[in-house]
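Chemist: I'd like to ask you about the structure that follows.
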Amino acid sequence: MSNTFTSLFKRSSFEKTKNIYSLPLNPETKIKNILYDWPSHEGPFRGAVDFAVDLGSAVLAPLDGKVIEIVDQFDRHGETEEFAPFLNYITIAHENGEYSQLAHIKKSSVKVKIGDFVKTGQKLAVTGLNGWMMEPYLEHLHMLVFKLQLGSSFKGLEIRFLKELKEDPKSS
């Protein structure tokens with residue numbers, strides 16, 4: 001498949017992360033596509049990145065931090081927003097008041113617990129099917145970096161990555 005979706009959904013500029021994040025996947029993981037502006041990436045979720053990868057791909061900590069939230073009980077997914085509450089994810093607190101959230105984690109695959117300190121590149125879980133997932137890239141890892149706002153809201157940030165993001169040219 002061509003990079004049609006990447007070219008159709010280019011990210012626009014807004015507040016960037018202070019931290020620089022590593023890719024939350026093994027270097028040998030084949031990334032089929034990278035999606036920025038997608039229907040689930042609106043409002044406070046703006047800045048999220050979806051990495052189209054095979055099911056069961058290892059999910060790695062993108063930066064040192066403390067695990068503050070884990071949900072890994074769901075195995076239900078669908079293409080409409082009504083499936084959003086059935087999402088498995090891991091949230092990590094980082095320096096500079098930033099938090100990363102890695103979503104679409106396979107049920108019961110999480111290798112860490114709340115309160116654990118994780119290191120960049122540490123395996124956290126594997127990808128799975130749960131929550132709101134849409135074709136053509138149903139199988140993917142969703143990554144959001146955000147900061148907390150006054151009250152109980154949050155604001156997504158444009159993620160600065162250590163290396164430029166690229167799809168695997170063999171997957172086109």
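Chemist: Of everything in region 19-71 that's under 16 Å from Y137 (Cβ atoms) and without any contact (Cβ under 8 Å) to a residue 40 or more places away in the chain, which residue is farthest from the chain's Cα centre (by Cα)?
Modeler: The residue in question is T29.
Chemist: Of all residues in region 132-143, count the ones that are over 21 Å from K113 (Cα atoms) and either modelled with pLDDT of 95 or more or in a strand (DSSP E or B) (or both).
Modeler: Count: 2.
Residue-by-condition table, conditions (1) exposed (fewer than 13 other Cβ atoms within 10 Å of the Cβ); (2) of a type in the set (K, R); (3) within 19 Å of I68 (Cβ to Cβ):
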{"site": "T120", "(1), (2), (3)": "no, no, yes"}
{"site": "W132", "(1), (2), (3)": "no, no, no"}
{"site": "E135", "(1), (2), (3)": "yes, no, no"}
{"site": "M143", "(1), (2), (3)": "no, no, yes"}
{"site": "K147", "(1), (2), (3)": "no, yes, yes"}
{"site": "G151", "(1), (2), (3)": "yes, no, yes"}
{"site": "F154", "(1), (2), (3)": "no, no, yes"}
{"site": "E158", "(1), (2), (3)": "no, no, no"}
{"site": "F161", "(1), (2), (3)": "no, no, no"}
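Chemist: Residues being polar (S, T, N, Q), in contact with a Lys or Arg (Cβ under 7 Å, 6 or more places away or on another chain) and exposed (fewer than 13 other Cβ atoms within 10 Å of the Cβ): count how many of those fall in region 73-105. Spell out how you get there, then give the answer.
Modeler: Here is the first cut: in region 73-105, the ones polar (S, T, N, Q) are 73, 80, 88, 91, 96, 100-101.
Next cut, in contact with a Lys or Arg (Cβ under 7 Å, 6 or more places away or on another chain) only: 73, 88, 96.
Subset that is exposed (fewer than 13 other Cβ atoms within 10 Å of the Cβ): 73, 96.
Residues that pass the stated criteria total 2.
Chemist: If G128 satisfies every condition in (1) at pLDDT below 95; (2) surrounded by 13 or more Cβ atoms within 10 Å (Cβ to Cβ) but one, which is the exception?
Modeler: Only one criterion is unmet by G128, namely (1).
The values are calculated or read from the model by the stated rules, or taken from the named source; none is laboratory data. As the structure is a prediction and not an experimental result, all values here were calculated from the model. A quick note on method: Cβ atoms are made from the backbone with ideal geometry, for glycine too, and the neighbour counts reach across all protein chains shown.
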